[in-house]
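The block underneath contains the structure these notes are about, expressed in structure tokens.
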Amino acid sequence: MVNGLVSQCLSYSGKIQSALSSGDWEALNKLLEDRQLDLEKLVSLMTAEDKAPQLKELILSIQEADKYFVQVLKEKKQDIESQIFSLKKGRKSIKAYQL
């Protein structure tokens with residue numbers, strides 16, 4: 001059971017990256033929630049089985065992948081903020097011509 005959960009937790013990275021790439025925010029949210037639940041199960045099992053070194057390795061791996069995801073999210077946020085700024089500027093221009 002522990003090995004299956006470890007594999008499942010590791011598989012989330014690819015799925016998260018795919019959701020980020022496609023901009024599927026609902027799927028991303030669901031994946032993050034599912035990963036959290038699986039990690040909670042895994043932590044309870046691995047602590048009970050005294051597999052702290054394996055758990056530490058898994059968590060470090062997930063944290064490393066998350067660093068990449070956070071960077072991608074920051075870039076997407078900047079793009080969206082830039083688009084919003086352009087839209088607001090365009091609306092102001094349109095209103096100026098309507099008067």
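The values are calculated or read from the model by the stated rules, or taken from the named source; none is laboratory data. Source: prediction; values computed, not measured. Cβ sites come from the backbone with ideal geometry, for glycine too, and all protein chains shown count toward neighbours. The area values use the complete protein model at the heavy-atom level, side chains included, leaving out ligands, DNA and RNA. Shrake-Rupley method; radii C 1.70, N 1.55, O 1.52, S 1.80 Å.
Among the residues of region 1-28, those that are of a type in the set (Val, Ile, Thr) and at pLDDT below 90 comprise Val2, Val6. Tallying residues that are surrounded by fewer than 13 Cβ atoms within 10 Å (Cβ to Cβ) and not in a helix (DSSP H, G or I) within region 4-28 yields 1. On the basis of being open to solvent by less than 100 Å² (accessible area, probe 1.4 Å), touching a Gly at 6+ places or on another chain (Cβ under 8 Å) and on the phi < 0 side of the Ramachandran plot, does Lys76 make the cut? It is true that Lys76 is open to solvent by less than 100 Å² (accessible area, probe 1.4 Å), touching a Gly at 6+ places or on another chain (Cβ under 8 Å) and on the phi < 0 side of the Ramachandran plot.
The listed residues are Leu37, Leu31, and the only one of them that is open to solvent by 80 Å² or more (accessible area, probe 1.4 Å), among the aliphatic types (A, V, I, L, M), modelled with pLDDT of 90 or more and in a helix (DSSP H, G or I) turns out to be Leu37. Restricting attention to region 40-51, the residues that are of a type outside the set (D, E, K, R), in contact (Cβ under 8 Å) with a residue 24 or more places away in the chain and open to solvent by 40 Å² or more (accessible area, probe 1.4 Å) add up to 1.
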